[in-house]
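Below is one structure, written out as structure tokens; comments come after it.
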Amino acid sequence: MTVEEFLKRVEVHPRLELVHVDGTMCIIRYSEDGCSRDIRLGFWAVAERPWEQLLEALRIPSEASVA
């Protein structure tokens, strides 16, 4: 997946917010049930893994299951 594709998916996911982005990594905020956690993610991981695997590894439900 490209970085641009990843950032677009973060943008439309109902529980994710982009906090910081630079040339090598980003910080996304995952919010659920009044709590949130910030996740630092290197773009090397984005390039090597599909969206579904990233969400699974970070224990984030896909946007389809968080309506």
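In the chain, helical runs assigned H by DSSP with n ≥ 4 each contribute -39500 (n - 2.57); averaged across all residues and rounded to the nearest 500, the mean residue ellipticity at 222 nm is -9000 deg cm²/dmol. Shown here: the chain, whose C-alpha atoms stretch 31, 21, 19 Å along the first, second and third principal axes, sorted largest to smallest. Within the accessible surface of the chain, defined with a 1.4 Å probe on protein heavy atoms only, the carbon and sulfur portion equals 51 percent.
Coupling constants for region 25-35 follow from the phi torsions by the Karplus curve (6.51 cos²θ - 1.76 cosθ + 1.60, θ = phi - 60°), and in residue order they are 7, 9, 10, 10, 10, 9, 10, 7, 6, x, 10 Hz; glycine and proline get x. Normalised by the number of residues in the chain, the average gap of Cα pairs under 8 Å and 6 or more apart makes the relative contact order 30 percent. For the chain, the per residue solvent-accessible surface stands at 67 Å², with DNA, RNA and ligands left out and a 1.4 Å probe.
The values are calculated or read from the model by the stated rules, or taken from the named source; none is laboratory data. What you see is a predicted model; the values in this text were computed from it and never measured. Calculation scope for accessible area: heavy atoms of the full protein, side chains included, ligands and nucleic acids excluded. Shrake-Rupley method; radii C 1.70, N 1.55, O 1.52, S 1.80 Å.
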